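Peer 1: Quick one: the structure is below, and I'll ask about it shortly.
The values are calculated or read from the model by the stated rules, or taken from the named source; none is laboratory data. For clarity, every value in this text was computed on a predicted model and none was experimentally measured. Note that each Cβ is placed from the backbone with ideal geometry, even for glycine, and that neighbours are counted across all protein chains shown.
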Amino acid sequence: MLITSFLVFSLQVPAAQAEPVRDPAVARHIASVSSYTPHRVYQSGKKRFADFESMLADVAKADIVFLGEEHDDPGTHRLERAALEGIGRRRGKVVLALEMFERDAQPRLDDYLAGRIGEEEFLKGSRPWPRYATDYRPMIEFARAKGWPVVGSNVPRKWAGLVARKGLAGLDSLGAADRAMIAGALDCPHDKYYTRFKATMGDMSGHGQKVTPQDAAAMVDRFFDAQCVKDETMGEAIASARATWPDAVIVHVNGSFHSDFGQGTPERARRRAPNARIAVISFVPVPDLDTADGRKIRKQGDYIVFTLKPPAPPKPPALPNPPALPNPPASE
């Protein structure tokens, strides 16, 4: 009887209700709250696809796990939250560390985690990234609920900007308190990481100004020094967390360029914690999961997690040309 009633009710549903959602904003909202995040996991060492839980069981054995992201990919952020939960389920004690919070925001972050201030006051004084609510808040709140430490690992952006303008020598002008927000040891060799950075920057023409090859090279070097200061500072913060909580796994979230190929931040962390086991996960958004090829980029990380790149929002319809106004009558 129940089945018959259900079938009758189903047949009575107007066909219009079964049509897909047309409003792009509604479609994006549905995607953001979907319980399933399309993905594929490639295990680089074995040159084969694996599954998400097997990946987490493996990386949970490490001391430091890097989650390298493209910052604007919603699928990545949902999977990062799932990775944090899955690693914590296996290890119990986790330290969440984030590029997205800077060292001088740590007191506010600690006060919020301890319940001494509310979220509004925390955000007002910690300079969260623009999409904090959707991208990083879920991880912060999960760590808070678990009682896990959260570390803001990055250098204050104003000091990275100073290096981008004046090079490493610009740091010599800082007082002791400000200098303490930056890694004590800075080693920025022109190695494979520099070569990759330089190739990404190109000829600097995209910065809106014409520069000579010599000036462009100098700009790339200063920008690399700023990148290096970030990596060194994050590496120092990770190693410090490792020393403070030796029984925990450090999960560090950062832009993938900082951790791809084990260069950048992992290299700086390894220099400071040479006995730590490090795992690198690189999240890579692609338009088609079925054709994703992990073999071509397997050196980027121990695992490559392909996510489904969201479609570009539709372009607004072109406005019709306004009707031509009639010619005014000729004056008499």
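Peer 1: Take the residues in segment 172-184 that are surrounded by 11 or more Cβ atoms within 10 Å (Cβ to Cβ) and touching a residue at least 40 places away in the same chain (Cβ under 8 Å); name whichever of them is farthest from Asp221 (Cα to Cα).
Peer 2: Going through segment 172-184, the residues surrounded by 11 or more Cβ atoms within 10 Å (Cβ to Cβ) turn out to be 174, 178-183.
This time we only want the ones that are touching a residue at least 40 places away in the same chain (Cβ under 8 Å), so: 181-183.
On the way: Met181: 22, Ile182: 19, Ala183: 19 Å.
If we take residues in segment 172-184 being surrounded by 11 or more Cβ atoms within 10 Å (Cβ to Cβ) and touching a residue at least 40 places away in the same chain (Cβ under 8 Å), then Met181 is farthest from Asp221 (Cα to Cα).
Peer 1: Which one of Ala269, Ala312, Ala276 is among the aliphatic types (A, V, I, L, M), in a loop (DSSP other than H, G, I, E, B) and at pLDDT 95 or above?
Peer 2: Step by step, each of Ala269, Ala312, Ala276 is checked, and only Ala276 is among the aliphatic types (A, V, I, L, M), in a loop (DSSP other than H, G, I, E, B) and at pLDDT 95 or above.
Peer 1: Of the residues Asp225, Asp203, Asp247, Asp215, which single one is more than 22 Å from Gly301 (Cβ to Cβ) and in contact with a Cys (Cβ under 8 Å, 6 or more places away or on another chain)?
Peer 2: Result of the check over Asp225, Asp203, Asp247, Asp215: Asp225.
Peer 1: Another question, then. Out of the residues in segment 145-160 that are closer than 18 Å to Asp187 by Cα and in a helix (DSSP H, G or I), which is farthest from the chain's Cα centre (by Cα)?
Peer 2: Trp159
Peer 1: Considering each residue of segment 257-302, count those that are hydrophobic (A, V, I, L, M, F, W, C), touching a helix residue (DSSP H, G or I) at 6+ places or on another chain (Cβ under 8 Å) and either without any contact (Cβ under 8 Å) to a residue 24 or more places away in the chain or over 15 Å from Glu99 (Cβ atoms) (or both), and give that number.
Peer 2: 6
Peer 1: Related question: Consider Leu289 against the criteria (1) of a type outside the set (D, E, K, R); (2) more than 19 Å from Ala183 (Cα to Cα); (3) touching a Leu at 6+ places or on another chain (Cβ under 9 Å); (4) surrounded by 24 or more Cβ atoms within 10 Å (Cβ to Cβ): it satisfies all of them except one. Which criterion is unmet?
Peer 2: With (1) of a type outside the set (D, E, K, R); (2) more than 19 Å from Ala183 (Cα to Cα); (3) touching a Leu at 6+ places or on another chain (Cβ under 9 Å); (4) surrounded by 24 or more Cβ atoms within 10 Å (Cβ to Cβ) applied to Leu289, the lone miss is (4).
Residue by residue, here is whether (1) more than 25 Å from Ala269 (Cα to Cα); (2) hydrophobic (A, V, I, L, M, F, W, C); (3) buried (at least 20 other Cβ atoms within 10 Å of the Cβ) holds:
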{"site": "Ala83", "(1), (2), (3)": "no, yes, yes"}
{"site": "Arg103", "(1), (2), (3)": "no, no, yes"}
{"site": "Pro107", "(1), (2), (3)": "no, no, no"}
{"site": "Asp111", "(1), (2), (3)": "yes, no, no"}
{"site": "Glu120", "(1), (2), (3)": "yes, no, no"}
{"site": "Asp135", "(1), (2), (3)": "no, no, yes"}
{"site": "Glu141", "(1), (2), (3)": "yes, no, no"}
{"site": "Lys158", "(1), (2), (3)": "no, no, no"}
{"site": "Leu168", "(1), (2), (3)": "no, yes, no"}
